[in-house]
Every structure is written in structure tokens, then in C-alpha cells.
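In what follows, a single structure is set out as C-alpha cells and then discussed.
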Amino acid sequence: MERSIDQSLTQNLLEAEKIPLDQAAAHEARNNLYSYLGERGTPHIQISKKIKLENGDIFTVLSRGVWERCSDQELLEFANEAKEPQEILDQTEDLILKAQEETNIDNYTWQSPL
């Protein structure tokens, strides 16, 4: 599983092993970005290495509200059990809406799996 990383103070703390991954989503500095689209001047864009895709690979674009609430394991289970991409979306949304009963989720959007 591959995941992009942000340019934030929280990401730096993760990389320095000063906080564990399960605390990053709630860390007070998670939105303190060093570079982002829309900033004044030219943002520093990170380009990941090329990854060869194979039959059966799934590519998703998830917002913070999704990946902060759904574990990698849950997303993988949804993908492995689904017969159609829409099933992944439906199961993910059900999980997020159930979590929203207990806490306010400010942002959850995703692009359909390809």
C-alpha cells in the first residue's frame, strides 16, 4: 500500500518518531503545512517515485476526513470483499457516518476507485 505524505509539522514529528501514527490524525499541528497549493509564491511540489500498476490494483483519492477515520486495514478489507468499486465507497461511507454519530467529521470526500 502506498500513500502520499503531506508537508506538515505533524508529518515531521512522525518521521522523527516523536509521535505514533495513531496520534497524527488528532495532533494539534496536523494542519500546519509548510507548502500547499494556493499559497503565495511557488509551492514546493513533491513527486513520488513511479509505481508500476498491475491488474487488480486500486487507486483512490481520499480526503483527511476519510483517512483519519478509516484504518488502512479497514480500507483493505472493504477492497478485498467488494465485487464492485461502489461497494468500497458504500462501506467506507457507512463507517464514516457511524463515526459521525459520536464526533463531528469536518471533511470526508473521495474519488471513486479506479
Which of the aspartates and glutamates could a cross-linker span from Lys98 if the Cα-Cα distance has to be under 20 Å and same-chain partners fewer than 8 positions apart are dropped?
Asp22, Glu68, Asp72, Glu74, Glu77, Glu81, Glu87, Asp90, Asp106
Cα-projected label distance for Lys52 with Lys18, points at 7 Å along beta-carbon direction, nm
3.9 nm
Just to check I understand the Karplus step: with θ = phi - 60° and J = 6.51 cos²θ - 1.76 cosθ + 1.60, what whole-Hz values come out for the stretch 83-97, glycine and proline as x?
9, 9, x, 4, 5, 5, 4, 5, 5, 5, 4, 4, 4, 5, 5
Along the stretch 49-63, Karplus-curve 3J(HN,Hα) (6.51, -1.76, 1.60; θ = phi - 60°) to the nearest Hz, with x for Gly and Pro, reads 5, 6, 10, 6, 8, 10, 3, x, 5, 10, 10, 10, 10, 10, 7
Please list, in order along the stretch 3-11, the HN-Hα scalar couplings obtained from phi with the Karplus expression 6.51 cos²θ - 1.76 cosθ + 1.60 (θ = phi - 60°), rounded to whole Hz, x for Gly and Pro.
8, 6, 10, 9, 9, 10, 4, 4, 4
What are the semi-axes of the equivalent ellipsoid for the chain, taken as the square roots of 5 times the Cα gyration tensor eigenvalues, largest first, in whole Å?
25, 20, 14
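Return the carbon/sulfur percentage of the accessible area of the chain, one whole number, probe 1.4 Å, all protein chains in place.
On the way: 4390 of 9030 Å².
Accessible surface attributable to carbon and sulfur in the chain totals 49 percent.
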Roughly how many whole Å is it from the C-alpha centroid of the stretch 32-67 to that of the stretch 10-31?
18 Å
How much solvent-accessible surface does Arg3 expose, in Å² to the nearest 10, with a 1.4 Å probe and all protein chains in place?
120 Å²
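The values are calculated or read from the model by the stated rules, or taken from the named source; none is laboratory data. From a predicted model like this one, the values you see are computed outputs, not experimental measurements. All Cβ positions, even for glycine, are placed from backbone atoms using ideal geometry, and neighbour counts span all protein chains on display. Quick note on the areas: whole protein, heavy atoms, side chains included, nothing else; ligands and nucleic acids left out. Shrake-Rupley method; radii C 1.70, N 1.55, O 1.52, S 1.80 Å.
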